[in-house]
1. When ranked by the protection proxy of mean other Cβ atoms within 10 Å per residue, highest first, what sequence do the peptides 182-188, 98-104, 155-161 form?
2. Please give the charge dipole size of the stretch 199-270, origin at the Cα centre, charges +1 on K and R Cβ atoms and -1 on D and E Cβ atoms. Round to the nearest 20 debye.
3. Which residues' amide hydrogens lie under 5 Å from the amide hydrogen of L160, considering only partners 5 or more residues apart or on another chain, with H built in the peptide plane?
4. Roughly how many nanometres apart are two label points built 7 Å out from the Cα toward the Cβ at K208 and T138?
5. Once you sort the root eigenvalues of the Cα gyration tensor of the stretch 52-159 as a ≥ b ≥ c, which label holds: rounded (a/c under 1.5), prolate (a/b larger than b/c) or oblate (the other case)?
6. Using the Cα centre of the stretch 117-270 as origin and beta-carbon charges of +1 (Lys, Arg) and -1 (Asp, Glu), tell me which of A244, T132, S227 is placed farthest towards the positive end of the dipole.
7. Treating only the Cβ atoms of Lys and Arg (+1) and Asp and Glu (-1) as charged, compute the dipole magnitude of the stretch 96-186 about its Cα centre; round to the nearest 20 debye.
8. State, to one decimal in nm, how far the label point of S101 lies from the label point of A192, with both points 7 Å from Cα in the Cβ direction.
Amino acid sequence: MIDNRRRRHRRAVAGRSAALLAASAALAVAGCSGTAASTSSSASSSASTGTVANITWQTMWSGNTLTLLSQMVNEFNSTHPTIHVTESNIPSATGDAKLLSEIAAGDPPDVFTEWNPVLGEYAADATIQPMTPYLTGTYAGLEKWEYPIALQGGEYKGTLYALPMSMNSWALYYNKSIMKAAGISSPPTTLAQLYADSAKEWKVSGNKISQIGFYPDYNQGFEYFGSFFNAVNCFNSAGQYELASCPGALTEANFFAQYANYPYPDIAAA
């Protein structure tokens, strides 16, 4: 077997106000959170007073996706005269540092896009606020629009703080001839089967590796396999990831620990 899966990013949207969520079905997937309630209240009252609620949305995308999002923002603004969205784009490499500095300064964006699985850390210390108070009326049950495995990325201790906007698809590529030679009749359907079948395919003699089975790509990291094990956002009140108290994380760690039996340095060198 060859592990040739694409890296998954949990592209979630969160923020500090419910203005977009309350006002627009087009951007209803925006997870809303944070500390400032004034922006939300101003948005709800803007329709009756004729004033404009100004919303900032900090994104981390680039290229064609950023172009598409800009078009979406322009269309939203043209069809919602009482709300104006200003998009602020920050490169993903520096996005988290920029966001945290804005929060520390007391001036975070109303809504932000987050690539990395750190929402649990933000939720643990109340840097962001849950979406629950805003999921009413038309948006009651909004979380049911998402697949459960995708929803995990935006939940902390059973409470929803953000909603994923997109997830990459992963696939397992395998060599039928190698599987047949190892006595495997069909692809695995569970992680236990995956490991057992893979073990039959390794061919290691001394320092020489002539064939490998499935092997997790370390470049993807522990955090990027978290959705499979329900090991996302296992943070304590101090914003620290707690491996020992998170059953999913322990299951994931034990799964990866099995691969200590294989000569990873040699594989990495190859």
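No value in this document is a laboratory result; all are computed from the given coordinates. If you're wondering where the values come from, they're calculated on a predicted model, not measured in any experiment. Glycine gets a Cβ as well: all are built from the backbone with ideal geometry, and neighbour counts include every protein chain shown.
1. Numbers: 182-188: 13.4, 98-104: 15.6, 155-161: 17.4.
In decreasing order of mean packing, 182-188, 98-104, 155-161 become 155-161, 98-104, 182-188.
2. Details: 3 positive and 6 negative charges, 61 e Å.
Roughly 300 debye, rounded to the nearest 20.
3. Those lying under 5 Å, H to H, from L160 are M131, T132.
4. Between K208 and T138, the simple spin-label model gives 6.9 nm.
5. Numbers: a/c = 1.43, a/b = 1.11, b/c = 1.29.
It is rounded, given that a/c, with a ≥ b ≥ c, falls under 1.5.
6. Going by the charge dipole, the pick is S227.
7. Dipole size: approximately 720 debye.
8. Going by the 7 Å Cα→Cβ label model, 5.1 nm.
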